[in-house]
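One structure is given here, and the rest of the page talks about it.
The values are calculated or read from the model by the stated rules, or taken from the named source; none is laboratory data. A quick note: this is a predicted structure, and the numbers were derived from the prediction, not measured. Counting neighbours? That spans all protein chains shown, and the Cβs are built from the backbone with ideal geometry, glycine included. Note: accessible area is taken over every heavy atom of the protein model, side chains too, but ligands, DNA and RNA are not part of it. Shrake-Rupley method; radii C 1.70, N 1.55, O 1.52, S 1.80 Å.
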Amino acid sequence: MTESTWQLLLDSLWPLIHGAITGTIPLALASFAIGLVLALGLALMRLSRRRWLSSIAQVYISIVRGTPLLVQLFVIFYGLPSLGVVIDPWPSAIIAFSINVGGYAAEVIRAAILSVPKGQWEAAYMIGMSHRRALTRIILPQAARVSVPPLSNTFISLVKDTSLASLILVTELFREAQQVAAFSQQFMALYLEAALLYWLICLVLSSGQGVLEKRLDRYVAH
């Protein structure tokens, strides 16, 4: 690369980092938090003895996991206006990503709940706990520890998926790279710089995941 290209990369570094700090990370955190709440509800519905509740959750999960995230994003931002529902780019992105996370994380949480030995339920009932109290006090805390690794992977994937929000004009890391590249015509250099920043973010998150898993591992029965 030429000296001018290196200078461009240095000049564009802060705008890209700023896009990650103010766009990518907040978008991922908000979507993941909302998606987890949705996922927990779906997981409990899937485990419900009421067949209609379980069926609703199963259909939702099947649709989300069976359609591309990009299509889901476009349906919300570009499709809903045809029905008279107009949503701004940021809320559209959060809704789409939350819905997607909910569909994938629901199966993770359901599997984690099912992994808790049935004896834990029986012990809770023996000391007079109701089903709801046993679930919230005994089962879910154990399931949470088991679900940390797969949910962490889901979050890391979400951070990368937020780049799709640039297609609906949400200003985040990749959108900043697109704008600088369009102005400078240095597409390869800028896109590689954006890729490097995504990689570094994911490395940090993966390291944090490893530390968290080690701390929780001592509390999980093997």
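Structure above, values below:
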item	result
Residue within the stretch 1-12 that is closer than 24 Å to Ala194 by Cβ, modelled with pLDDT of 95 or more and not in a loop (DSSP other than H, G, I, E, B) present	no
Any hit, the stretch 14-31, residues being open to solvent by 90 Å² or more (accessible area, probe 1.4 Å) and farther than 27 Å from Ala112 by Cβ	yes
Subset of the stretch 39-56 (residues that are farther than 13 Å from Ala111 by Cα, part of a helix (DSSP H, G or I) and open to solvent by 60 Å² or more (accessible area, probe 1.4 Å))	Arg51, Trp52, Ile56
